[in-house]
Structure formats: C-alpha cells, structure tokens
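J.: Here's a structure for you.
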Amino acid sequence: MEKLLMIKYGELTTKKANRNTFIKILTKNIERVLKDYPVTIKKDRVRMYITCQDEQPVIKALQKIFGLHSIVLCEKVNTNIEDISKKAIELVKNFKTFKIETKRSLKTFPMTSMEISKKVGANVLKNTDLKVDVHNPEITVHVEIRSEGSFIYIDEKKGIGGYPVGIQGKGLLMLSGGIDSPVAGYLALKRGVDLECIYFESPPHTSIEAKNKVLKLAKIINEYSGNIKVHVVPFTKLQEEIYKKVPHTYMITIMRRMMYRIALKVCLKNKLKVIVNGESIGQVASQTLDSMSVINNVVDIPVIRPVACMDKLEIIDLANKIGTYETSILPYEDCCTIFVPKHPIIHPSLKQCIEFEKNFDFEKLVDEAVDNIETISSFKEEEYKDYL
C-alpha cells in the first residue's frame, strides 16, 4: 500500500522573492538522497508530497536534509466534511481523548477553520466514545484544506530546518580529526553552504588511522549533504621545513598560514567561495584573536568560523547529536597536534611571521603540495573501502 508524506518547508517560507530557487534546490537535494527509493515527488510553493511504499527509511533519510521544517505521514481525502470526519474517526479509534486542529488554505471552502474543527469533532463524538480535551489530548488530528485536496494526519516528525544545501554556493571545510571542525561543517551546511573538505596529512608523522578517521567524519557529514569530497594534502615536506627553519614558538602560526595558503589555492581552483573551519575563540594558541588575524592575513576570501563563540561543552553536545563525537575522540594524532611546542606564541607578530617565512622557499612547497593532492569524491561503501 502506498504511503503519502507531506513535507513542510523550513525557512524557505520567509524567502518570498527567492522561494522558487530554494524549492528547486531543495527538490534536487531530496531527489539525490532518495534516488535509490521507489518514490514519486510532487511540489508546489507551500508543500511537497512524496509517495512511497515504506515510509520509515524515507522519513529517516529526509530528517537529515536541510530546509525541511517537518515530515508528515498523512491521508488524502476528498474535500468535504463527511470524508474528513470518516478519516478522523479511523485515526482516533484507539485513544480516549482527542482534539481537532484545522488549517484552511483553500479560502473558497465555505467554512472557517474553527467551524471545520467543531463539525469534525462533533462527528467524532457522535460515532465514538472519545471525549474532547483541547488542553492535553491523547491525540491531535490535524486537518489541512488545500486546493489539491484535504490532508489529515496525527504524526509530525521534525526536520532539521535551515536552508537547502547549495543555496549559498560552495565552501571548503578545513576538516581535522578533532571535535570542532565536523560540527562547523554541519552548521555551515545548515546555512546552505555546500562543502568540499581539505585534510592535511603528514606521513610518517601522522598515521593511516588518522586519515581514515577524517574520512569517517567526512562520511558522517556527507549524510547531511550527499555531495562531499575530500582533498587530502601531502603536508610532510612543508611541516618538516617549518620545524627546521622557524622558531618553535611560531611553528603553529606559520603552519596555519601555510594551510590557509593551500586552502585558498584549492578554493580558487574549484570555484569555492569561502573557507570554513572549526576554530573557537581562545581554545588554543592559534585561536586567539591576534593569532586569527595574523593567520587570516594570507587569504583574501572570507573565512567562516561557525563554532567561534561556542564553548567546548556546547560543541560536544552538537557533535553527539550529529553522530561525529565518538569518531572524533579516537586517539589518532593529526598534523596539528604533532611538533606542538610547549609554549606556542598566543600574540604573534605579522612582521615576525613574514621574516620567518623568508627562511625557506614556502611558495615552491605550497605549490608542490597542491599539485599532489589526492581527492576522494565518493563515499559509497564499495568505493571508499580501501580507505576506511
């Protein structure tokens, strides 16, 4: 038996002039996520309707798509009080108290929303032993009177809201193996920024397990996007040169400036608009305002820091919610945690950084790293099994 899901849009309803564009991108995202399910999709400016055979896996997939306010398993009936009442009676028969709530979008229907609720409620009372409870009912029957029919439902699953992924263009997430950057990626996706990821590996100083950990995180984030790819940067030569030629207190600052230079080149090559990272103000030496300012100096595109003003517990809570935390805490070091000096500078000087960078030919090493990037563009099990 076919099931009908009604989709209520999220913040799209506030975007009057751009509503059609939002719905078009949202539909494309839904079609991509549901491509392996036997579904049919119809849409208008206010609602989307998905017909499927098994609603549970479809609802589970839809609950990870940004731009959805809620997903409703509903019944469609003819727009008359008799058919609406009959369906309402079917839905409430296993309960003791009920309430009817009506939304009448079809203004030509000759009854108001309140009148419809009263009439349907009266028919339920007449044909069952239930009682009305408008304050704390066991079950609420929702009725929507629309031009394409009347829809009745009792169960509404929350979506994750936000904007459809891609509506704002694309950005590059600096994805480490830590807790913060996957959360930052999730929050960027929620605001409509489609993402590619960049990961800096430094073998033999970093292990294959550290790389696999990052790819597992990317796979989890990909569940909210369906469009993720990861650019793996060979960072060993640059990192070793920094270790040899730069005072240890400045190593982290210079290393981050090199990462930003590489990220910028990847953005320009792939037409990405912004860099996204998981920096949180004051959390480590490279994330003081002075450090951020000096590090930012090497790029001329925006850098977005979605978790900048969140504390660690807030970030951890969200990491648990989206399913990245347990992977993030696996004990494999990335290149940001090796060669860390005991006392990294927290108020670096831009002038000093420029002088220290003259100690080695970083431009050649940056270009070499970019030229040898490995890009992983699919997270289908059979295609990434060599990595995970």
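The values are calculated or read from the model by the stated rules, or taken from the named source; none is laboratory data. Since we're looking at a predicted model, the values are computed, not measured. Neighbour counts are summed over all protein chains in view; Cβ atoms, including those assigned to glycine, are modelled from backbone coordinates with ideal geometry.
J.: Can you say whether residue 55 is out of contact with any helix residue (DSSP H, G or I) (no Cβ under 8 Å at 6 or more places or on another chain), within 28 Å of residue 88 (Cα to Cα) and acidic (Asp, Glu), as far as the supplied structure shows? Spell out the reasoning first.
T.: On the way: out of contact with any helix residue (DSSP H, G or I) (no Cβ under 8 Å at 6 or more places or on another chain): yes; within 28 Å of residue 88 (Cα to Cα): yes; acidic (Asp, Glu): yes.
Yes, satisfied.
J.: While we're on this one: Restricting to the range 24-65, what's the tally of residues that are hydrophobic (A, V, I, L, M, F, W, C) and touching a strand residue (DSSP E or B) at 6+ places or on another chain (Cβ under 6 Å)? Explain how you work it out, then say what you get.
T.: Step one: filter the range 24-65 for residues hydrophobic (A, V, I, L, M, F, W, C), giving 25-26, 30, 33-34, 39, 41, 46, 48, 50, 52, 58-59, 61-62, 65.
After this cut, where a residue has to be touching a strand residue (DSSP E or B) at 6+ places or on another chain (Cβ under 6 Å) as well, the list is 39, 41, 48, 50, 52, 58-59, 62.
Total satisfying the criteria: 8.
J.: May I pose another question? Which pairs turn up if I take residues in the range 135-154 that are of a type in the set (Asp, Glu) and look for partners that are surrounded by fewer than 18 Cβ atoms within 10 Å (Cβ to Cβ) and assigned to a strand (DSSP E or B) with beta carbon separation below 6 Å, at least 6 apart in sequence or on another chain?
T.: Filtered contacts from the range 135-154: 138/97; 144/103.
J.: I've got another one for you. Could you please give the count of residues in the range 60-74 that are out of contact with any Asp or Glu (no Cβ under 7 Å at 6 or more places or on another chain) and surrounded by fewer than 19 Cβ atoms within 10 Å (Cβ to Cβ)? Talk me through it step by step, then tell me what you get.
T.: Keep residues of the range 60-74 that are out of contact with any Asp or Glu (no Cβ under 7 Å at 6 or more places or on another chain), which gives 60-63, 65-69, 71, 74.
Now restrict to residues that are surrounded by fewer than 19 Cβ atoms within 10 Å (Cβ to Cβ): 60-61, 63, 69.
Looking only at that region, the number is 4.
J.: Of all residues in the range 104-120, which are among the charged types (D, E, K, R) and at pLDDT 95 or above?
T.: Within the range 104-120, the subset among the charged types (D, E, K, R) is 104, 107, 115, 118-119.
104, 115, 118, 119 - these are the residues of the range 104-120 that are among the charged types (D, E, K, R) and at pLDDT 95 or above.
J.: Collect the residues in the range 75-110 that are within 34 Å of the chain's Cα centre (by Cα) and either of a type outside the set (S, T, N, Q) or surrounded by fewer than 18 Cβ atoms within 10 Å (Cβ to Cβ) (or both), keeping them in residue-number order. Give the steps one after another, and end with the answer.
T.: So in the range 75-110, the residues within 34 Å of the chain's Cα centre (by Cα) come out as 75-76, 101-105.
75, 76, 101, 103, 104, 105, listed by residue number.
J.: With the requirement that a residue be in contact with a strand residue (DSSP E or B) (Cβ under 9 Å, 6 or more places away or on another chain) and of a type outside the set (A, V, I, L, M), what does the range 223-239 give you?
T.: Listed by number, the residues that qualify are 224, 225, 227, 229, 231, 234, 235, 236, 239.
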